[in-house]
1. Which residues in the stretch 65-82 place their backbone N less than 18 Å from a point set 7 Å from the Cα of Cys51 along the Cα-to-Cβ direction?
2. Please list 50-57, 89-96, 62-69 highest first by mean number of surrounding beta-carbon atoms within 10 Å per residue.
Amino acid sequence: MDLSVQDPLAPPATLLSPSTNTDANAALARPQEPSVPPAEAAEAPPPCPRCGNKLVNPESLGWCPRCGYCRSLEQEKILTPPPQARPAGQASPFGIVEFGQLLAQLPSWFWVEWH
């Protein structure tokens, strides 16, 4: 019976008897290969559609420092409908009615009496 004292901080492989568990010792001695293969070269981000330059933050913003293209703004333009144009109304002679409407919208502090 072997009662030798072993290092408590030693890895478990050194505590095993080499004659009883040689496969485990060999497996621990060589580095394990990852089960998932490393990703090959990551897919290159798409270049700027206007000038072909590299985009800054291509995952979200997609801004080109050369021409000012911004992919997020372009996508927002597509999703946002254009504003409806108002039909042009006939203006009053000399703009008198419009001037009166403007005066009615002025704040009260404008009407302070000047001495």
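1. Under 18 Å, as judged by backbone N against the label point of Cys51, lie 65-74 of the stretch 65-82.
2. 62-69, 50-57, 89-96
Read the figures in this text as sums done on the coordinates, not as results from a lab. Note that the structure is predicted; figures quoted are calculated from it, not measured. Virtual Cβ from ideal backbone geometry, glycine too; neighbours counted across all protein chains shown.
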